[in-house]
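Q: Please read through the structure below; I'll follow up with questions.
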Amino acid sequence: MEKRMTAFFEKFLTKDSLFLDKKVLQANYTPNKILHREQEIEQIAHVLAPALRMEKSSNLFIYGKTGTGKTVCVKYITNNILEVASKNRIPLRIVYINCKLKRVADTEYRLIAQLATEFGKAIPATGLPTDEVYKIFFSALDSKEQVIILILDEIDQLAKKAGDAILYNLTRINEELKKAQLSIIGISNDLVFVDNLDPRVKSSLSEEEILFPPYNALQIQDILYERAKRAFKKDALGEGVIEKCAAYAAREHGDARRALEL
Ligand SMILES: Nc1ncnc2c1ncn2[C@@H]1O[C@H](COP(=O)(O)OP(=O)(O)OP(=O)(O)O)[C@@H](O)[C@H]1O
Ligand SMILES: [Mg+2]
């Protein structure tokens, strides 16, 4: 048995792999080219750009079905704006929180504690009154002149788990701040999420709104081709495979993630 297994592993090692770079197919891989989202990217960039002049950018709500590129586009844009900010010594901070993650955003206390930590103030995991946690967070934030863009990805999960009071408090935060300014980007695949919010929260979170429509089959094909070019060796993919995956994913609901999984 042992010999057979060694032989198996040895053979596996020397066998030609179909892949150039398998990482490229994983869900957390950031593509270096984003296709078919030029308009959405430009719109978001316009909303955020004032932050570079130390002006508070509008809050923004981005919504669209799953796999339509919301997260990947926002990360791409914020990486770019950060690069320009740091080159020009502009005190711009981007904080990205995935509200779906356990232990980060399941309660108001946890999220504010997490945010305080991001700004250098450690808060015990439990025990303080929520008001106190807010106070510590505010003072950490306001310790210097800076513009902050807070990205709350899967924001519907936050509201569901922690209630919408936290969103109310965060959208009102600038009234309390003297040196710092904070804008929020909320991202959700729940298309009716904002409609069910307290109207005051809704109007401040959705100062700007951008919808990510589903991809059609041809767009998904382009995305898959681009990715396959980097992931597979030439000729490793049979003819028609990409077309089939694209057609299937488009029929489901224009989900690029699903297409990549296939
Ligand atoms: N236009 C695109 N070009 C290249 N890759 C893309 C594009 N759109 C989506 N993808 C890829 O498809 C996958 C899903 O995209 P993303 O995570 O941005 O979707 P999402 O809209 O945030 O979905 P969810 O609502 O489920 O969070 C990722 O692997 C992403 O890299
Ligand atoms: Mg996402």
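No lab work stands behind these numbers, since they all come straight from the coordinates. All values reported here derive from a predicted model rather than from experimental measurement. Here the Cβ is made from the backbone with ideal geometry for all residues, glycine too, and neighbour counts use every protein chain on show.
Q: What does the charge count around A85 come to, taking other residues whose C-beta lies under 11 Å from its C-beta (Lys +1, Arg +1, Asp -1, Glu -1)?
A: Overall, the nearby charge balance is +3.
Q: What are the ³J(HN,Hα) couplings of the stretch 244-260, residue after residue, when phi is run through the Karplus curve with 6.51, -1.76, 1.60 and θ = phi - 60°? Round to Hz, x for glycine and proline.
A: Values, residue by residue: 5, 4, 5, 4, 5, 5, 5, 5, 5, 6, x, 9, 5, 5, 4, 5, 5 Hz.
Q: Something else: Could you estimate the translational diffusion coefficient of the stretch 38-212 from the Stokes-Einstein equation, with Rh from the Kirkwood formula over C-alpha pairs, at 20 °C and 1.002 mPa s, in whole µm²/s?
A: This corresponds to a translational diffusion coefficient of 132 µm²/s.
Q: Roughly how tilted is helix 2-14, in degrees to the nearest 10 and between 0 and 90, from the longest Cα axis of the chain?
A: Tilt of helix 2-14: around 80 degrees.
Q: Give the shape of the stretch 4-115 as rounded, prolate or oblate, defined through the alpha-carbon gyration tensor: a ≥ b ≥ c are the square roots of its eigenvalues, a/c under 1.5 means rounded, and otherwise the shape is prolate if a/b is larger than b/c and oblate if not.
A: Since a/c reaches 1.5 and a/b is larger than b/c, the shape of the stretch 4-115 is classed as prolate.
Q: Ok, one more. I need the shape label for the stretch 84-154. Rule: rounded when a/c is under 1.5, else prolate if a/b > b/c, else oblate, with a, b, c from the alpha carbon gyration tensor.
A: oblate
Q: What angle do you read, to the nearest 10 degrees and between 0 and 90, between the alpha-carbon axis of helix 217-231 and the longest principal axis of the chain?
A: That helix lies at roughly 70 degrees to the long axis.
Q: Taking a temperature of 4 °C and a viscosity of 1.567 mPa s, what whole-number D in µm²/s does Stokes-Einstein yield for the stretch 215-261 with Rh from Kirkwood over alpha carbon pairs?
A: Calculated translational D: 125 µm²/s.
Q: Follow-up question, since we're still on this one. Charges at C-beta only: +1 for Lys and Arg, -1 for Asp and Glu. How large is the resulting dipole of the stretch 38-212 about its Cα centre, in Debye rounded to 20?
A: 580
Q: Also: Can you give the calculated 222 nm mean residue ellipticity of the chain, where each DSSP H run of n ≥ 4 adds -39,500 (n - 2.57) and the sum is split over every residue, rounded to the nearest 500 deg cm²/dmol?
A: So the helix-based figure for the chain works out to -14000 deg cm²/dmol.
Q: So what does log10 I(q)/I(0) come out to for the stretch 158-262 at q = 0.17, 0.22, 0.23, 0.24 Å⁻¹, using the Debye formula with one equal point on every Cα and no solvent?
A: The Cα Debye sum returns log10 ratios of -0.81, -1.07, -1.13, -1.20.
Q: Using only Cα atoms, tell me the angle between helix 38-48 and the longest principal axis of the chain; keep it within 0 to 90° and round to the nearest 10.
A: 20
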